[in-house]
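Notes follow the structure.
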Amino acid sequence: MKTYHESNERLVTKVFQDVFDKYDLMNDLMSLGIHRLWKKNFINWLNPHKKTTLIDVASGTGDIAKLYLEKINYDGFAYCVDENKSMLELNKKKFKKNANVKWYCNNAEKLPFKNNYFDYYTISFGIRNVNNLNNALKEAHRVLKPGGRFLCLEFSKVKNEILNKFYKIYSRSIPQIGKLVVGKSEPYEYLINSIEEFYSQEEFFKQIKKQNFTNVSFRNLNGGIVAIHSAWKV
Ligand SMILES: C[S@@+](CC[C@H](N)C(=O)[O-])C[C@H]1O[C@@H](n2cnc3c(N)ncnc32)[C@H](O)[C@@H]1O
């Protein structure tokens, strides 16, 4: 098992560079707005406390960091990390002038933070894109404080055969939507392929466990179209 682009590290960077300015719009169109519910569900499960610090890796345009800060009434800090500068620029705009947010252009596999620093590590629709999954998980574990929590939202495997059939048919239309809205279908071909090639819930669960996390568990949303993976550092 692998992340989709293990053989082609640069492809991911190019994909997000091609779509960054239409990223939010395409998320709403492709998921019919449902990604907003998934993200709310994600933050509800995180249930963050005030006066905590979150690192949101592969932060993109900042949806998760924003929901986290709203949930704790801005009484805490969010560090947004993404390897793509253009995505981070959009991320910054979402927060306007907020002293509680910091932005870092870095790779998930090599985070510029000391050990045992964060209360929460989140990654939403990002882990599938990293070059080496184990390196990213190791870094997540390293930067979390003992007692800190890892939470990951990612596309997963649909268990119900009928739902899966419809989902597959719908997925195949996504590159065409991309062509219409963004003028390019290739980034969305990448998206569909990367989802198909990524781990199942159970396989990913094992990968997380391998990195010394405890209380590892997951929840399926919408029949497994996406799953939330939770784990703790002791
Ligand atoms: C699908 S977007 C997800 C954005 C956001 N978290 C969300 O849920 O909407 C994936 C993001 O991961 C970033 N990314 C991909 N590989 C990365 C890596 N190795 N390190 C850091 N960011 C990465 C991309 O630049 C992109 O902004």
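The values are calculated or read from the model by the stated rules, or taken from the named source; none is laboratory data. Being a predicted model, the structure only gives us computed values, none of them experimental. Don't worry about glycine lacking a Cβ; one is built from the backbone with ideal geometry, like all the others, and counts go over all protein chains shown. Accessible surface is based on the protein model in full, side chains and every heavy atom, while ligands, DNA and RNA are left aside. Shrake-Rupley method; radii C 1.70, N 1.55, O 1.52, S 1.80 Å.
Could you give the size of the charge dipole of segment 150-193 about its Cα centre, using +1 on the Cβ of each K and R and -1 on the Cβ of each D and E, expressed in debye and rounded to the nearest 20? Present the calculation step by step, with values, prior to reporting the outcome.
Numbers: 7 positive and 4 negative charges, 31 e Å.
Magnitude of the dipole: close to 140 debye.
In 5 Å bins starting at zero, report the fraction of Cα pairs in the chain per bin as a rounded %.
1, 7, 14, 19, 22, 18, 11, 5, 2, 0
Could you tell me what percent of the accessible area of segment 89-234 is made up of carbon and sulfur, with a 1.4 Å probe and every protein chain present?
On the way: 3790 of 7180 Å².
Of all accessible area on segment 89-234, carbon and sulfur atoms account for 53 percent.
Count neighbours as other Cβ atoms within 10 Å of each site's Cβ, and list the trypsin sites (Lys or Arg not before Pro) in segment 77-115 that are DSSP loop with at most 16 such neighbours. Could you put the intermediate results ahead of the total?
On the way: sites: Lys85, Lys92, Lys93, Lys94, Lys96, Lys97, Lys102, Lys110, Lys114; in loops: Lys96, Lys97, Lys110, Lys114.
The qualifying sites are Lys96, Lys97, Lys110, Lys114.
Per residue, what volume in Å³ does the Cα convex hull of segment 155-206 take up? Intermediate values should be presented prior to the final figure.
Details: hull volume 3.5 nm³, N = 52.
Spread over its residues, the Cα hull of segment 155-206 gives 67 Å³ apiece.
Accessible area per residue for segment 85-168 in Å², computed with a 1.4 Å probe and the full protein assembly in place, what is it?
Values: 4120 Å² over 84 residues.
Result: 49 Å² per residue.
Please report the relative contact order for segment 59-184, taking Cα pairs under 8 Å with a sequence separation of at least 6, and give it as a percent rounded to a whole number.
Working: 150 pairs, mean separation 24.7, N = 126.
Relative contact order of segment 59-184: 20 percent.
Select from Tyr190, Gln176, Gln201 the residue farthest towards the positive end of the dipole of segment 170-213; place +1 on Cβ of Lys and Arg, -1 on Cβ of Asp and Glu, and compute about the Cα centre.
Ranked along the dipole, the leading option is Gln201.
Only helical DSSP H runs with n ≥ 4 go in: add -39500 (n - 2.57) per run for the chain, normalise by residue count and round the 222 nm mean residue ellipticity to 500 deg cm²/dmol.
Working: 9 runs with 107 residues, N = 234.
Helices in the chain give a 222 nm mean residue ellipticity of -14000 deg cm²/dmol.
Before anything else, pin down the relative contact order of the chain: Cα pairs under 8 Å, at least 6 apart, normalised by residue count, whole percent.
Numbers: 420 pairs, mean separation 49.9, N = 234.
Value for the chain: 21 percent.
What are the residues whose amide H is under 5 Å from the amide H of Phe118, where those residues sit 5 or more places off or on another chain and H is modelled from the backbone?
Leu144, Lys145
Scan around Ser156 for amide H atoms under 5 Å from its own, H built in the peptide plane at 1.01 Å from N, and keep only partners 5 or more places away or cross-chain.
Val226, Ala227
Wrap a convex hull around the Cα atoms of segment 132-234, take a quarter of its surface area, and give that in square nanometres.
Details: hull surface 29.3 nm².
That works out to 7.3 nm².
Mind listing the phi-derived Karplus ³J(HN,Hα) values for segment 100-107, rounded to whole Hz, using 6.51, -1.76 and 1.60 with θ = phi - 60°, and x for any glycine or proline?
8, 10, 10, 10, 9, 8, 8, 8
If you put +1 on each Lys and Arg Cβ and -1 on each Asp and Glu Cβ, how big is the dipole of segment 133-219 around its Cα centre, in Debye rounded to 20? It would help to have the intermediate numbers written out before the result.
On the way: 15 positive and 9 negative charges, 66 e Å.
With Lys and Arg at +1 and Asp and Glu at -1, about 320 debye.
What are the lysines whose alpha-carbon lies under 16 Å from the alpha-carbon of Lys40, with same-chain residues fewer than 8 places away excluded?
Hits, sequence-local ones excluded: Lys66, Lys71.
Say the dipole of the chain comes from +1 at the beta carbon of Lys and Arg and -1 at that of Asp and Glu; which of Gln17, His49, Val158 then lies farthest toward its positive end?
His49
Order Leu163, Leu32 by their accessible area, 1.4 angstrom probe, all chains in place, largest first. Can you show the working numbers first?
Details: Leu163 65, Leu32 135 Å².
The ordering from most to least exposed comes out as Leu32, Leu163.
Tell me which trypsin sites (Lys or Arg not before Pro) from segment 29-58 have a DSSP coil assignment and no more than 12 other beta carbons within 10 Å of their own.
Working: sites: Arg36, Lys39, Lys40, Lys50, Lys51; in loops: Lys50, Lys51.
Here the sparse-neighbourhood loop sites are Lys50, Lys51.
Mind checking the dipole of segment 52-115: about its Cα centre, +1 per Lys or Arg Cβ, -1 per Asp or Glu Cβ, Debye to the nearest 20? Provide the component values of the computation, followed by the final result.
Numbers: 11 positive and 8 negative charges, 55 e Å.
In debye, rounded to 20, segment 52-115 gives about 260.
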